1. What residue, of Tyr30, Tyr58, is without any contact (Cβ under 8 Å) to a residue 60 or more places away in the chain and touching a Phe, Trp or Tyr at 6+ places or on another chain (Cβ under 7 Å)?
2. For the condition over 21 Å from Pro8 (Cβ atoms), at pLDDT 95 or above and surrounded by 12 or more Cβ atoms within 10 Å (Cβ to Cβ), what is the one hit in Tyr30, Tyr44?
3. Anything in region 1-16 that is exposed (fewer than 11 other Cβ atoms within 10 Å of the Cβ) and either part of a helix (DSSP H, G or I) or in contact (Cβ under 8 Å) with a residue 40 or more places away in the chain (or both)? List them, or say none.
Amino acid sequence: MFDGSSFPQPLEEDIFELWLEKGRESKIGYHYLLVVWDAFEEAYLPVYVEERDKISEYEKYESSTGRESLVAAYDLYSESRVG
């Protein structure tokens with residue numbers, strides 16, 4: 001996943017699937033998985049949010065000036081990309 005020059009590095013599909021599972025199994029009612037790039041750690045991080053409006057709190061990767069930036073957002077249950 002996330003192959004190509006538009007992304008900082010590829011993400012293994014099995015890691016992404018594990019993140020989806022963890023979000024669905026959580027006792028907290030998460031609805032979205034955010035794939036966030038940490039520029040200092042040079043790694044992807046899973047961020048789970050309950051409400052869609054929380055997605056906009058992250059700067060998009062293409063225009064980010066901070067440490068963490070949003071690469072993509074997914075609905076945990078339909079697995080469709082929402083941001």
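1. Working: Tyr58 fails: touching a Phe, Trp or Tyr at 6+ places or on another chain (Cβ under 7 Å).
Criteria check complete, one pass: Tyr30.
2. On the way: Tyr44 fails: over 21 Å from Pro8 (Cβ atoms).
After ruling out the rest, the residue left standing is Tyr30.
3. Matches in region 1-16: Ser6, Glu13, Asp14.
Residue by residue, here is whether (1) among the small types (Gly, Ala, Ser); (2) in a loop (DSSP other than H, G, I, E, B) holds:
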site	(1), (2)
Val35	no, no
Ile55	no, no
Thr65	no, yes
Ser69	yes, no
Ala73	yes, no
Ser78	yes, yes
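The values are calculated or read from the model by the stated rules, or taken from the named source; none is laboratory data. On a predicted model such as this, the values are computed, not experimentally measured, just so you know. Positions of Cβ are generated from backbone atoms using ideal geometry, with glycine treated the same way; all protein chains shown enter the neighbour counts.
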